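Comments concern the structure below.
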Amino acid sequence: MVLEYEFLGRDKLVKGYTYPIKRGDLDVALERAGVTDLDYVTYGCHTGKTDRELVLKASMTGEAFNPGSWIKMSPAIGVFAVPVTMSQRIKQLLAEQNVLNEFARWLKVLEGAENVRRDQRQYYYVYFEDDRLEIEHTKVTEGLYCRGDDNGFGIRVLQVQIASKGRPSLPGSEGRSRPRSVGS
């Protein structure tokens with residue numbers, strides 16, 4: 001199938017800002033992963049002082065969030081402008097860590113996920129902070145929240161313990177099984 005989505009356009013860039021991800025590069029990653037189910041893609045320029053810069057996000061409202069009815073939902077993607085002074089480093093990290101391909105694979109897994117997963121809110125955020133990328137996302141295959149410490153590549157990884165009732169518990173809590181790494 002051919003990748004089709006609504007492109008909502010690009011915000012006009014504020015002086016000193018640029019988009020670190022080209023639309024063509026995003027499309028190539030999505031097509032390579034075989035993604036066919038997207039609502040829309042938009043490029044936004046939101047300036048303001050924050051501790052970390054949002055670079056890329058995908059989100060999907062859970063399909064069960066419409067009381068009394070079921071509506072198939074599709075993920076929406078946002079690419080965000082960053083200060084020009086950070087852009088080269090962000091582009092370098094995105095390439096080195098294969099972020100666009102991992103992001104696209106996450107979307108592809110979401111497409112085929114069971115209703116129990118698609119019924120819940122799903123998201124994938126890529127931030128730039130402290131000269132590294134931070135990735136936060138729901139883990140589509142297991143529904144776990146992923147965030148944690150640097151894995152040596154600048155991507156944060158969460159050590160999760162699965163408690164006896166199958167609920168994740170954070171390291172240092174009274175987990176009843178050994179920790180395992182959940183990839184970003």
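The numbers here are math on the coordinates, done by the rules we state, and not lab data. What you see is a predicted model, and the numbers here were worked out from it, not measured in a lab. All Cβ positions, glycine included, derive from the backbone under ideal geometry; neighbour counts span all protein chains shown.
Assorted remarks:
- Positive-end ranking of Asn115, Gly78, Val35 along the dipole of region 6-137, with charges on Cβ about the Cα centre, is headed by Gly78.
- By definition, a body whose alpha carbon gyration tensor gives a ≥ b ≥ c is prolate when a/c is 1.5 or more and a/b is larger than b/c, and region 6-137 fits this prolate description.
- About its Cα centre, region 6-137 has a charge dipole of approximately 340 debye under the convention of +1 per Lys or Arg Cβ and -1 per Asp or Glu Cβ, with nothing else charged.
- Around Leu3: net Lys/Arg minus Asp/Glu count, Cβ-Cβ under 13 Å: -4
- Three-way shape label, region 1-67, alpha-carbon gyration tensor, a/c 1.5: oblate
- Taking GluC sites (Glu not before Pro) across region 14-115, the ones in a DSSP loop with at most 15 further Cβ atoms lying within 10 angstrom of their Cβ are Glu114.
- Under 10 Å, Cβ to Cβ, from Val109 - net charge with Lys/Arg +1 and Asp/Glu -1: +3
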